[in-house]
Amino acid sequence: MMKPSIPPRYHSPQIAVDVRLNTNESPWPPPQGFSERLATEMSRIQWNRYPDREAVALREALAARHGIDVSNVFCSNGSNESIQLLLAAYGGPGRSATVFSPTYALHSHLCRLSGTAVEEHWRGDDFALTANIVKSAASADKADVIFLSMPNNPTGTMDDPSVVDAALSGRSLVVVDEAYGEFGSLPSLASRASAENLAVVRTFSKAWAMAGLRLGYTVAGSSVVSEMFERALPYHLDVVKQAAGHAALAFEDEMQDRVAKIRRERERVLAALRELAVTAWDSAANFVLFRPATIDAVSVWNGLVERSVLVRDLSGQEGLVDCLRVTIGAPAENDRFLGALAEVLASGGER
Ligand SMILES: *Cc1c(COP(=O)(O)O)cnc(C)c1O
């Protein structure tokens, strides 16, 4: 095997390795039945026509899934586009957003791109967020938007639902990012999202195993959904994406099976990390945050890449000194990761 060259460590690079556990993708694709169903739908597509501008069929299927009205659903090119549109409507110059770090860096990145000021607060012990932290941040900032990530990336923490009520008590739009919601044990907040100041953002990139499709959606009050439609480009959701999202929803059982397998593997990986005397935080997502006690994170990351295993080095992010994040993969991939990590730790970081 050729050794991959090692690029700078500040982003999660797409480099050629055997075991890719750095971007929280599903290790398995959607089932064969999905591909066949989509192929049938593709054969009926009228390629010369613009897509349904309001993506009604897909939005109706999602609304049925969450037991809400179609007017409460907006579909987007990845959940990231949903967040961008929410900021276009509720953020912007002269407005501000509150985030609780360490968290998903893209939230504050999209704030900056939209000219929204970022008010950063810190999570408590072991990255837990409490209603008190949220309440005092909300009353201090009086921000236009409050971001919550439940479960939180990159810590894996699932916050108590009381933090949502604390955030909703003000006049801010509360954006709850549920990208990993399926991997936890609490129900989605989507059923509550017709409340006028709550927007729940979800994605097909993780549990649905379709990161390549770039499909996400927001569940929110109908006035929030209207604001998003007003700011989206015309026909922003192409016909293939609408068909693929719709077809995927027919394979919910297979999705739940994948999620159950990942959850079992997550607990196995957590236990194995602790066996290696590595600090690892409980996770409600498809990844685990860990901190090797004896070697710095960059050496660990390099040592793993040398062994063709790619994880995410987060040690450059404030509050995450010497932390790395590993995506839970298929059992054989997790074994490769654990074996490589044991070697790196035993070698004391030498290569
Ligand atoms: C992976 C991830 C997403 C997904 O973004 P997409 O644009 O839907 O792929 C959203 N939020 C968080 C916190 C994530 O980690």
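What the table below lists for this structure:
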quantity: Residue in the stretch 244-302 that is farthest from L338 (Cα to Cα), counting only those that are in contact with a strand residue (DSSP E or B) (Cβ under 8 Å, 6 or more places away or on another chain) and open to solvent by 70 Å² or more (accessible area, probe 1.4 Å); calculated: A293
quantity: Conditions (1) on the phi < 0 side of the Ramachandran plot; (2) at pLDDT 95 or above: number failed by G78; calculated: (1)
quantity: Residue within the stretch 304-324 that is modelled with pLDDT under 95 and charged (D, E, K, R) present; calculated: yes
quantity: The listed residue being under 21 Å from the mean Cα position of the chain (by Cα) and either at pLDDT below 95 or not assigned by TED's automatic domain parsing to the domain that holds R123 (or both), out of A330, A340, A293; calculated: A330
quantity: Where a residue in the stretch 194-216 is in contact (Cβ under 8 Å) with a residue 12 or more places away in the chain and its partner, wherever it lies, is open to solvent by 20 Å² or more (accessible area, probe 1.4 Å) and near the ligand (Cβ under 7 Å from one of its atoms), with Cβ under 6 Å and at least six apart; calculated: S205/A211
quantity: The stretch 195-218, residues that are over 11 Å from S79 (Cα atoms) and in a strand (DSSP E or B); calculated: L198, A199
quantity: Residue among F204, F147 that alone is in contact with a His (Cβ under 7 Å, 6 or more places away or on another chain) and within 13 Å of the ligand (Cβ to nearest atom); calculated: F147
quantity: Qualifying residues in the stretch 303-313 (those that are assigned to a strand (DSSP E or B) and of a type outside the set (D, E, K, R)) - the one farthest from A342 (Cα to Cα); calculated: L310
quantity: Filter result for E36 (surrounded by fewer than 21 Cβ atoms within 10 Å (Cβ to Cβ), more than 16 Å from R202 (Cα to Cα) and not assigned by TED's automatic domain parsing to the domain that holds L237); calculated: yes
quantity: Single match in V239, V224 (criterion: assigned by TED's automatic domain parsing to the domain that holds D125, surrounded by 17 or more Cβ atoms within 10 Å (Cβ to Cβ) and touching a Pro at 6+ places or on another chain (Cβ under 9 Å)); calculated: V239
quantity: Residues that are part of a loop (DSSP other than H, G, I, E, B) and either open to solvent by less than 10 Å² (accessible area, probe 1.4 Å) or within 16 Å of the ligand (Cβ to nearest atom) (or both), drawn from the stretch 150-166; calculated: M150, P151, N152, N153, P154, T155, G156, T157, M158, D159
quantity: Residue list for the stretch 167-194, restricted to those being in a loop (DSSP other than H, G, I, E, B) and touching a Phe, Trp or Tyr at 6+ places or on another chain (Cβ under 9 Å); calculated: S172, A179, Y180
quantity: Cβ-Cβ under 6 Å pairs, at least 6 apart or on other chains, the stretch 98-121 side in contact (Cβ under 8 Å) with a residue 40 or more places away in the chain, far side open to solvent by less than 20 Å² (accessible area, probe 1.4 Å) and away from the ligand (no atom under 16 Å from the Cβ); calculated: T98/A137; T98/A143
quantity: Unique match (being out of contact with any strand residue (DSSP E or B) (no Cβ under 9 Å at 6 or more places or on another chain), in a helix (DSSP H, G or I) and under 17 Å from R53 (Cα atoms)) among V240, V225; calculated: V240
quantity: Residue match in the stretch 23-30 (condition: surrounded by fewer than 19 Cβ atoms within 10 Å (Cβ to Cβ) and within 16 Å of the chain's Cα centre (by Cα)); calculated: yes
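The values are calculated or read from the model by the stated rules, or taken from the named source; none is laboratory data. As the structure is a prediction and not an experimental result, all values here were calculated from the model. Using ideal geometry, Cβ is built from the backbone for each residue, glycine included, and neighbour counts are taken over all protein chains shown. To get the accessible areas, we keep the full protein, side chains included, count just its heavy atoms, and leave off ligands, DNA and RNA. Shrake-Rupley method; radii C 1.70, N 1.55, O 1.52, S 1.80 Å.
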